[in-house]
Every structure is written in structure tokens, then in C-alpha cells.
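Trainee: So that we are looking at the same thing, I have put the structure below in C-alpha cells.
The values are calculated or read from the model by the stated rules, or taken from the named source; none is laboratory data. Computed from a prediction, not measured in an experiment: that's the story for all the values here. Cβ: placed from backbone, ideal geometry, glycine included. Neighbour counts: every protein chain shown. Side chains included, ligands, DNA and RNA excluded: accessible areas come from the protein's heavy atoms. Shrake-Rupley method; radii C 1.70, N 1.55, O 1.52, S 1.80 Å.
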Amino acid sequence: MKYALVVFETDASRARIQADRDAYRTAYQTWIGELAAAGKLVGGDALDTEHQGPVTVRKTSDGSVAVTEGPVHSGEETLGGWFVLEVADHAEAIELARGFPTPEALEIRPLLESA
């Protein structure tokens with residue numbers, strides 16, 4: 001089964017990482033390397049959350065398109081990136097997410113398998 005681990009950042013989590021970037025980068029690369037070596041990592045990407053903010057494009061009820069500066073959902077957490085893992089089940093996805101070495105939050109979602 002494929003699961004997405006969706007990474008959410010806050011100003012506080014970004015500040016903690018920036019305070020000791022080298023240590024977090026090493027731990028992060030180790031975690032990713034272990035997933036890849038175990039054949040669990042399908043892919044993933046980080047979003048650039050430092051240089052340009054998000055823009056939301058939304059179709060309104062009358063069919064027009066609204067474009068606004070900012071994330072889809074307001075709040076403290078912002079989307080920072082994602083990983084796709086190939087795992088046996090939901091429990092394994094949770095267990096692997098527990099090892100995520102940086103202070104961001106992870107949301108775990110199963111991917112819809114295509115027919």
C-alpha cells in the first residue's frame with residue numbers, strides 16, 4: 001500500500017530547524033536513507049517555504065476563479081512537503097512516521113490506488 005506523509009511546518013518548527021540546521025539535515029538525510037535502503041521510499045519533495053508564499057486559486061460557486069495570496073487554509077501550520085511510502089499497512093506507515101527526525105507535524109494519508 002502507498003501512503004503519503006504530508007509535512008506541515010510552523011514558524012516555531014522552522015525556527016528550531018534553522019537554529020541547528022546541520023544537525024537536523026543530517027538526521028533527516030539518515031531517516032530518508034534508511035527508508036530508501038529498506039525499499040519503502042517511493043518519492044517526495046520539500047516545498048520552498050522561505051522565499052515565496054503560497055497562492056490559492058479557487059473556483060467560486062458562480063464559476064469564476066478567485067486568486068488570493070496565502071494558503072488554502074489559514075492557520076499556524078503550512079504545507080512543507082511530502083513523502084510517498086510503500087508499506088504493508090497503515091500501522092507501518094505510522095511506525096515509520098514516528099521516526100521522522102524534525103519538529104514538523106506529519107499527516108498520514110493512504111493514496112488512492114488506481115484501477
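Trainee: Among (i) 1.99; (ii) 0.97; (iii) 1.03, find the value of Rg/Rh (Cα atoms, Kirkwood Rh) that was calculated from the structure presented, and write down its label.
Mentor: Of the listed options (i) 1.99; (ii) 0.97; (iii) 1.03, (iii) comes from this structure.
Trainee: Please turn the phi angles of region 77-84 into ³J(HN,Hα) values with the Karplus equation 6.51 cos²θ - 1.76 cosθ + 1.60 (θ = phi - 60°), one per residue in order, whole Hz, x for glycine and proline.
Mentor: Karplus values, whole Hz, x for Gly and Pro: 8, 10, 5, x, x, 7, 10, 10.
Trainee: Would you calculate the separation in nanometres between label points at ALA91 and THR10, each defined as 7 Å from the Cα along the Cα-to-beta-carbon direction?
Mentor: The modelled label-to-label distance comes out at 3.1 nm.
Trainee: Report, to the nearest 10°, how far helix 21-37 tilts away from the longest principal axis of the Cα atoms in the chain, using its own Cα long axis and a range of 0 to 90°.
Mentor: With rounding to tens, the tilt is 70 degrees.
Trainee: OK, next. Give me the one-decimal nm value for the distance between modelled label points at SER61 and ASP22, 7 Å along each residue's Cα-to-Cβ direction.
Mentor: Those two pseudo-labels are separated by 5.6 nm.
Trainee: What does the accessible area per residue of region 48-95 come to in Å², with a 1.4 Å probe and no ligands, DNA or RNA counted? Can you show the working numbers first?
Mentor: Values: 3510 Å² over 48 residues.
Normalised by residue count, the accessible surface of region 48-95 is 73 Å².
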